[in-house]
Amino acid sequence: MTSMSDTQNSSSHGKLIAAVVAAALVVVLALISAFVWPGWALNKNGQAGQAGQTSQQASTSNGTDGDKTEPTKPSIDAVALPDGASELLKAMPDSVLNYARTKADASTTWSSTSPVEEYALTYSTGKKGQDVTLEVGQWNDGDKAKSQYDTLAEAMTGKELGSGNVKVSGKTTGAYSAKADPDDDTKAVAVWRNDTVVFYATGAKNDVQRFYQQFPL
């Protein structure tokens, strides 16, 4: 009985070893099949790498587009207002987006309509051809200011770029209109009224459109 039991154990042990060896051979053959013979695993990795490169290129492209975003802060300093500047002139911002005030002088352009005060200002990015000229006038009542606004707006005959009401705290205090220059489509004019004050901006189309939409008054 004992001799017969030892023989069975030896036979079982040998079968176990053979099974392990066979399993190991299957694993080795599978690895060889995957990475050496058809090469599908390497091709998959290659495709994944290519997709990653495409995503990186897309990201780089988006970053490049982002670099084209218009600046919002001036690269030059604003010129100080003259001594004894009026409250209206003091209300004129030092900068609007990347346009800094480079000039502020008294003006008589609208003198025939008897404004209380009037000024001609220049806002610039510091680059040639990117100046915005701003005429500002104030009247002693809203009706006179509206009359001046209407006169200026009606004289603008180019393609409309924008129009609507000016509102302060939800209350309509005036209106605005922006149009392309009929004689030069690369230029534009914008006029707006806020109660007793009228503003008239001229310059390159892109500059005028950016400027008047962000002007705080």
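The values are calculated or read from the model by the stated rules, or taken from the named source; none is laboratory data. Please read all numbers here as calculations on a predicted model, not as lab measurements. No Cβ is skipped: glycine too gets one built from the backbone with ideal geometry, and neighbour counts run over all protein chains shown. Note: areas computed on protein heavy atoms with side chains; ligands, DNA, RNA excluded. Shrake-Rupley method; radii C 1.70, N 1.55, O 1.52, S 1.80 Å.
In table form, for the structure just shown:
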item	result
Total residues in the stretch 79-89, condition open to solvent by 40 Å² or more (accessible area, probe 1.4 Å) and in a loop (DSSP other than H, G, I, E, B)	6
Output for the stretch 90-114, where each listed residue is in a loop (DSSP other than H, G, I, E, B), open to solvent by 30 Å² or more (accessible area, probe 1.4 Å) and either under 17 Å from Gln209 (Cβ atoms) or not acidic (Asp, Glu) (or both)	Ala91, Leu97, Thr108, Thr109, Ser114
